[in-house]
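Structure, as structure tokens:
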Amino acid sequence: MASRINTNFTLIPNRKLRRSNRQTSCYSKTLGSGFQPISTFGNFKALPLEIFQIILKYLSVKDISMLSMVSKTVSQHIINYISTSSGSKRLLLQDFHNLELPDRRQDSAILEHYRSLGLLFKRCTLLLPTKERLKYIHKILTEVSCFKFNGCAAPMQCLGLTCYGMFLQTLTAGWDELECHRVYNFLCELTNLCRKMQMAVCSKPGSARKLELRIRLFCRNVLLDHWTHQSDSAFWLTRILKPWPMVNQARLLYIIFGPISPQDGQVVWQKMIEEPTDEFSLKGLADAIKLLYDASTKEWTADDVISLVDELSVVPREWLLENNARLLMLSGNNICFTFMASKAVNGRTIELARLIVFLALVCEKELYCMDWTVKMMQKVCKVFSTPVERNNFLQNVANAFACVIMEMLQSIMSGDRDEDDRSFLNLFHLVHAQANFHKEVLYLTMNTSLSA
């Protein structure tokens with residue numbers, strides 16, 4: 001018979017070891033005197049700092065970025081690694097002039113690297129005040145000469161500023177406006193940007209071509225071109241333009257977005273005043289104007305934007321009306337109508353009538369629907385308060401067609417003809433534009449009378 005088990009005693013529970021009583025790893029004896037094993041360092045606390053940095057060499061920038069979020073201590077060790085010569089050499093790639101790979105694969109690879117690097121710095125410096133973050137980042141990036149305003153000897157063939165812009169865009173994405181103001185002010189102090197802009201806008205157009213090119217590349221590649229949301233682009237463009245009076249705003253806008261020479265990338269100041277230009281040369285200016293007009297901010301009213309467009313049309317001197325008309329069409333219906341309505345309200349009906357003629361000419365050249373011009377004129381007619389003013393405007397439009405045709409014809413008859421007969425071709429387009437314009441007016445008139 002099996003013996004009975006004695007249960008007449010008190011069970012003593014197993015005691016749990018205190019953290020301080022757990023066995024210390026043998027690796028802790030090998031740690032340097034400067035290394036303090038903090039619990040938030042996790043299993044890495046048993047590793048010498050040198051071994052931890054060797055491990056980082058085998059991780060991608062994205063992996064290091066993820067690792068930096070483990071704890072404050074890990075993040076600090078990663079910051080220390082970035083500050084080492086080996087860490088900065090590995091992370092701060094400077095192959096900005098390598099054009100060997102086709103299809104710009106090298107370009108996209110290095111841009112993606114600096115996007116990831118921006119995210120890494122964003123996470124590592126998360127707990128620092130904005131001013132301290134910027135100082136630390138500048139200290140690290142100052143080694144890269146191509147990130148500086150005048151740092152690269154061949155800026156047109158360099159991706160340095162573009163990578164810098166991608167880095168800053170990733171770093172500052174999601175920051176509030178006050179912090180972004182501090183970033184812009186920091187960059188201005190760092191590069192003396194405001195002083196350089198003042199020199200460019202106060203000197204004769206084209207007299208400081210290299211400075212104009214540097215300003216354009218820095219503003220476009222660093223501050224403006226990488227944003228996906230229009231509100232962000234509008235914010236940075238506003239920071240660039242708003243400190244200046246309207247005339248200087250127009251000059252800056254032309255420097256940053258105006259047409260450039262395909263050979264050396266320098267701003268072409270005479271293009272708008274010497275001959276009709278193409279849409280490509282005006283697209284940058286039109287997009288910038290639309291950006292400011294559509295910006296949901298109190299810093300830009302419709303009147304501000306229209307005044308800027310008006311000022312822009314005389315930079316450096318008065319543009320050809322055809323180029324002015326093309327810019328308005330590219331800027332969109334709202335801006336075009338508001339600009340024309342402003343002239344109507346201010347009694348500038350003769351200027352407005354000539355503008356209608358060149359809007360029709362652009363429609364004819366670009367094969368746009370001529371009824372767009374007629375409908376735009378119809379909307380402008382509603383701005384006039386009395387039938388007398390409206391009829392006077394329509395008479396001015398008819399006279400403007402005749403005057404512009406006669407001006408072109410006299411120019412051709414006087415022997416002022418281009419080698420490729422552009423003047424004659426322009427007259428040909430204008431005559432057809434007048435015919436199609438009046439055809440659309442007749443259609444509109446007859447359809448209205450028949451439906452009444």
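Hey, what angle do you get for helix 193-202 against the long axis of the chain, alpha-carbon based, 0 to 90 degrees rounded to 10?
Relative to the chain, helix 193-202 is tipped by roughly 10 degrees.
Please grab the % of Cα pairs in the chain that end up more than 38 Å from each other. Walk me through the numbers before you get to the answer.
Values: 46278 of 101926 pairs.
The share of Cα pairs beyond 38 Å in the chain comes to 45 percent.
Report, to the nearest whole %, how much of the accessible area of the chain belongs to carbon and sulfur atoms, 1.4 Å probe, protein only.
Values: 13920 of 25500 Å².
Carbon and sulfur together cover 55 percent of it.
Within 10 Å, at most 16 other Cβ atoms, and a DSSP state outside H, G, I, E, B define an exposed site. Report the longest part of the chain free of exposed GluC sites (Glu not before Pro). Before the final figure, lay out the partial values.
Details: sites that count: Glu100, Glu143, Glu299, Glu318, Glu419.
Excluding the exposed sites themselves, the longest stretch runs over 144-298.
Can you list which of the chymotrypsin sites (Phe, Trp or Tyr not before Pro) found in the range 226-291 are DSSP loop residues with at most 15 other C-beta atoms within 10 Å?
none
Solvent-accessible area of Arg133, probe 1.4 Å, all protein chains present, reported in Å² to the nearest ten, please.
10 Å²
Could you pull out the trypsin sites (Lys or Arg not before Pro) across the range 223-332 that fall in loop regions by DSSP (anything but H, G, I, E, B) with no more than 13 other Cβ atoms inside 10 Å?
Numbers: sites: Arg239, Arg251, Lys271, Lys283, Lys290, Lys298, Arg317, Arg326; in loops: Lys298, Arg317.
Passing sites in the range 223-332 are Lys298, Arg317.
How long are the semi-axes of the equivalent ellipsoid of the range 194-282, defined as square roots of 5 times the Cα gyration tensor eigenvalues? Whole Å, largest first. Don't skip to the end; give the middle numbers.
On the way: eigenvalues 84, 55, 32 Å².
In descending order the semi-axes read 21, 17, 13 Å.
Counting other Cβ atoms within 10 Å, which chymotrypsin sites (Phe, Trp or Tyr not before Pro) in the range 145-187 have at most 16 and lie in a DSSP loop?
Numbers: sites: Phe147, Phe149, Tyr164, Phe167, Trp175, Tyr184, Phe186; in loops: Phe149, Trp175.
Sparse-neighbourhood loop chymotrypsin sites (Phe, Trp or Tyr not before Pro): Trp175.
Tell me the angle of helix 349-366 to the major Cα principal axis of the chain, expressed in degrees between 0 and 90 and rounded to the nearest ten.
70 degrees
Taking the Cα centre of the range 104-238 as origin, work out the dipole magnitude from +1 charges on Lys and Arg Cβ and -1 charges on Asp and Glu Cβ, in debye rounded to 20. Present the calculation step by step, with values, prior to reporting the outcome.
Values: 19 positive and 11 negative charges, 96 e Å.
Here the range 104-238 has a charge dipole of around 460 debye.
Ratio of the range 269-343's C-alpha Rg to 2.2 N^0.38 Å, to two decimals?
Details: Rg = 11.9 Å, N = 75, 2.2 N^0.38 = 11.3 Å.
Normalised by 2.2 N^0.38 Å, the Cα Rg of the range 269-343 equals 1.05.
Could you put Ile356, Ile273 in order of accessible surface area, largest first, with the 1.4 Å probe and the full protein assembly present?
Working: Ile356 0, Ile273 25 Å².
Largest to smallest exposure gives the sequence Ile273, Ile356.
When the solvent-accessible surface of protein heavy atoms is calculated with a 1.4 angstrom probe, in what order do Val247, Val267 fall, highest first?
Working: Val247 75, Val267 0 Å².
Order by accessible area, largest first: Val247, Val267.
I'd like to check one number: the per residue accessible area of the range 174-240, probe 1.4 Å, reported in Å² as a whole number. Please report the intermediate quantities before stating the final value.
Details: 3280 Å² over 67 residues.
Accessible area per residue: 49 Å².
Using alpha-carbon positions, what is the distance between the centroids of the range 205-284 and the range 342-383, in Å?
27 Å
Given the protein chains as shown and a 1.4 Å probe, how many square angstrom of Lys196 are accessible, to the nearest 10?
40 Å²
Any idea which of Pro129, Cys180, Gly118 is furthest toward the positive side of the dipole for the chain, if Lys and Arg beta-carbons carry +1 and Asp and Glu beta-carbons -1?
Pro129
Under a 1.4 angstrom probe, counting protein chains only, how are Ile256, Ile412 ranked by accessible area, largest first?
Ile412, Ile256
For the range 290-414, what is the accessible area per residue in Å², given a 1.4 Å probe and the full set of protein chains?
Values: 5910 Å² over 125 residues.
Counting only protein heavy atoms, the per-residue value for the range 290-414 is 47 Å².
Take the alpha carbon atoms of the range 216-342, find their radius of gyration, then divide it by 2.2 N^0.38 Å using N residues; give the quotient.
On the way: Rg = 13.7 Å, N = 127, 2.2 N^0.38 = 13.9 Å.
Output field value: 0.99.
Which aspartates and glutamates does Lys379 reach when only Cα atoms under 16 Å apart count, and residues fewer than 8 places away in its own chain are ignored?
Asp371, Glu389, Glu440
For a quick size check, give me the Cα extents of the range 275-427 along its three principal axes, largest first, whole Å.
Here the Cα extents, ordered largest to smallest, are 52, 39, 29 Å.
Given the rule -39500 (n - 2.57) for each run of at least 4 DSSP H residues, summed and divided by the residues of the chain, what is its mean residue ellipticity at 222 nm, to the nearest 500 deg cm²/dmol?
Working: 21 runs with 280 residues, N = 452.
Calculated at 222 nm, the ellipticity per residue is -20000 deg cm²/dmol.
What's the magnitude of the charge dipole for the chain around its Cα centre, counting Lys and Arg as +1 and Asp and Glu as -1 at the beta-carbon? Answer in Debye, nearest 20. Walk me through the numbers before you get to the answer.
Values: 52 positive and 42 negative charges, 737 e Å.
In total the dipole reaches around 3540 debye.
Where the only charges are on Cβ atoms (+1 Lys, Arg; -1 Asp, Glu), what is the dipole of the range 302-452 about its Cα centre, to the nearest 20 debye? Kindly include the intermediate steps, with their values, before the conclusion.
Working: 13 positive and 18 negative charges, 120 e Å.
With Lys and Arg at +1 and Asp and Glu at -1, about 580 debye.
The values are calculated or read from the model by the stated rules, or taken from the named source; none is laboratory data. Source: prediction; values computed, not measured. Positions of Cβ are backbone-derived with ideal geometry, glycine not excepted, and every protein chain shown enters the neighbour counts. Ligands, DNA and RNA are excluded from the accessible area calculation, which covers all protein heavy atoms including side chains. Shrake-Rupley method; radii C 1.70, N 1.55, O 1.52, S 1.80 Å.
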